[in-house]
Amino acid sequence: EDVKQGVKSLLIYMNVICNLEGSLHRDLMVGYNKNIRPMENHGDITDVKIKMTLTNLISLNEKEETLSTCVWIEMKWHDYRLRWANRTGFEVYENITRMRLPSKAIWLPDIGLENNVDGRFEVALYTNTLIDPDGSVVWLPPAIYQSSCAIKVNYFPFDWQNCSMVFRSETYNANEIKLMLSDEDNVTMEWIEIDPEAFTENGEWIIKHRPAKKVVNKRYSPDELEYQEIIFFLIIQRKPLFYIINIIVPCVLFSSLGLLVYFLPAKAGGQKCTMTIAILLGQTVFLFLIAKKVPETSQAVPLIGKYLMFVMSVTTITVMNCVVVLNVSLRTPNTHPMSNNIRKVFLNILPCLLRMTMQRWTPEQEEGDFKMFALGNGTPLRRRRRSSLGLIAKADEYMFRTARSELMFSRLKERKGLLKNTLEKIQNGLGGNTAQDLESSLASASPEVQQCVSSCKHIAESAKHQNDFQSENEEWFLVARVIDRMCFIVMALLFILGTIGIFLMGHFNQAPSQPFPGDPKRYLPEISSGDITG
């Protein structure tokens, strides 16, 4: 029975309270004009305290330079017209400790986001206001803001950005309302509040600093309009893992294929050029992907764009190297005679420096290869190369010791050959045992033998010229190999050092340790949510 009586009393009390709140609402709204600023005495300034609570950093659109955030904006001010404590005629409402009124029914400070990009200055939902007995008003509306944020693309995707949200009154100046940052326990909250339980972490950005400041422009005199605003800053650092995996690593691997063309033969210039041009076209695709991500600005070039331009330049130089190597490898002695200086540099010095296995060239070898000797009639004849001189001398000895008829008709050995019959006519016989000594003896032979000697000499000269032509062609090919190896080493070092140097620039581009240079203040509460802001 006592329980029933208690429940009944509670219901009656609640009914009375509800009726009292309704009555208080009606009494407070009597003669209330929501278009008039609460000013108890002439010249009074209304203090408006602002606090921002960030619940979600939605995104930062670099292309449109727009920051999207989900926040709660808390505003506090004092409206003497809504006071019922210690007010004549309102004694019956002394037991009501807090009351809720529709926000559109009372005066609101017309404070909006100044740097919005979608034209929405207002909040998303006009929630009820909380009224205390002394007339203090607390309004906590939620909002999804899209604010402008100037993007610095210098170190993209290893960048950090400083975005701000500027709040100011649209119609009231500093002589009418005074914008202030909220305070708790006599400590001004010069930061953006973050509730760890309600905050949703962004997958691309990490918050490094979140200070708040009041800015006053004192260019005007006190009796004139004065400019004031509350600015909330978000200094955020990008998490580059997504771009490293999807753009940077594929680009580096794809560009490194340009170095593989140097492992193709020097004469495969067509295949080299085709491969490098295909790589160059692939790099332009990566460049287009980056161009769609960053703002269209000429103030700076993003770091990844600089790297793509670098590797495209390296690939272009590789194409030029392939053309030069192909040109050198296809040179002939008829169009490009090789000098001894070229042989000395590219066949002796550079192969040793580049650790290439190659037969060394010496000036003595060149002199021996092209030494001149004269026939009996005074016609100069250059010697063949040493590599084949011994075999040729033995062949000449055999040819001159054996009759032509015996060589041509092996079955008619019993017949005397033409050369043997001719040699019998020579009174002094052979002058020696070598081909050079035989020339003077053949010079005095019959006209038929002299004609045969001339024909043999023509054949020997043709074979010698062909041998010299092929040998010098091979030398040009060896020079092309040396140039190809030298270009490979230079391009490999340039590619590796350039890649490391460019990306180290982004690695050292970190957000500052303090929100404002030269200001040691941390702009954070004593116990900060470091697990969220980093």
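Observations
- Counted residues, the stretch 318-357 - those being of a type in the set (Val, Ile, Thr), surrounded by fewer than 18 Cβ atoms within 10 Å (Cβ to Cβ) and farther than 19 Å from LEU494 by Cβ: 6
- Within the stretch 153-178, the only residue that satisfies the criterion of being over 27 Å from ILE236 (Cα atoms), part of a strand (DSSP E or B) and of a type in the set (A, V, I, L, M) is ILE177.
- The condition (being more than 24 Å from PRO525 (Cβ to Cβ) and of a type outside the set (A, V, I, L, M)) is satisfied by just one residue among GLU184, GLU176: GLU176.
- Tallying residues that are of a type in the set (A, V, I, L, M), assigned to a helix (DSSP H, G or I) and surrounded by 15 or more Cβ atoms within 10 Å (Cβ to Cβ) within the stretch 251-268 yields 3.
- Count of residues meeting criterion [in a strand (DSSP E or B) and either of a type in the set (Val, Ile, Thr) or modelled with pLDDT of 95 or more (or both)] in the stretch 182-204: 4
- Residues of the stretch 33-57 that are of a type in the set (Val, Ile, Thr) and over 19 Å from TRP191 (Cα atoms): ILE36, ILE45, THR46.
- Among residues of the stretch 86-100, those that are in contact with a Ser or Thr (Cβ under 9 Å, 6 or more places away or on another chain) and surrounded by fewer than 18 Cβ atoms within 10 Å (Cβ to Cβ), counted: 2
- Of the residues making up the stretch 41-49, one or more are modelled with pLDDT of 90 or more, part of a strand (DSSP E or B) and of a type in the set (A, V, I, L, M).
- Qualifying residue in the stretch 290-303 (condition: at pLDDT 90 or above, touching a helix residue (DSSP H, G or I) at 6+ places or on another chain (Cβ under 7 Å) and outside any loop (DSSP other than H, G, I, E, B)): yes
- Qualifying residue in the stretch 215-228 (condition: crowded, with 19+ Cβ neighbours inside 10 Å and farther than 26 Å from ASN41 by Cα): no
- Among the residues of the stretch 101-127, the ones that are crowded, with 17+ Cβ neighbours inside 10 Å, closer than 22 Å to ASN35 by Cβ and within 55 Å of the chain's Cα centre (by Cα) come to 8 in all.
- Of the residues contained in the stretch 499-513, none is found to be of a type in the set (Phe, Trp, Tyr), at pLDDT 80 or above and farther than 22 Å from LYS208 by Cα.
- Residues (in a helix (DSSP H, G or I), modelled with pLDDT under 85 and out of contact with any helix residue (DSSP H, G or I) (no Cβ under 6 Å at 6 or more places or on another chain)) located in the stretch 325-340: ASN340
- Test: ILE131 is assigned by TED's automatic domain parsing to the domain that holds SER164, over 53 Å from the mean Cα position of the chain (by Cα) and touching a residue at least 12 places away in the same chain (Cβ under 8 Å): yes
- Any chance PRO142 is modelled with pLDDT of 90 or more, surrounded by fewer than 21 Cβ atoms within 10 Å (Cβ to Cβ) and of a type outside the set (Asp, Glu): yes
The values are calculated or read from the model by the stated rules, or taken from the named source; none is laboratory data. If you're wondering where the values come from, they're calculated on a predicted model, not measured in any experiment. Heads up, the Cβs are rebuilt from the backbone with ideal geometry, glycines too, and the neighbour counts pull from every protein chain shown.
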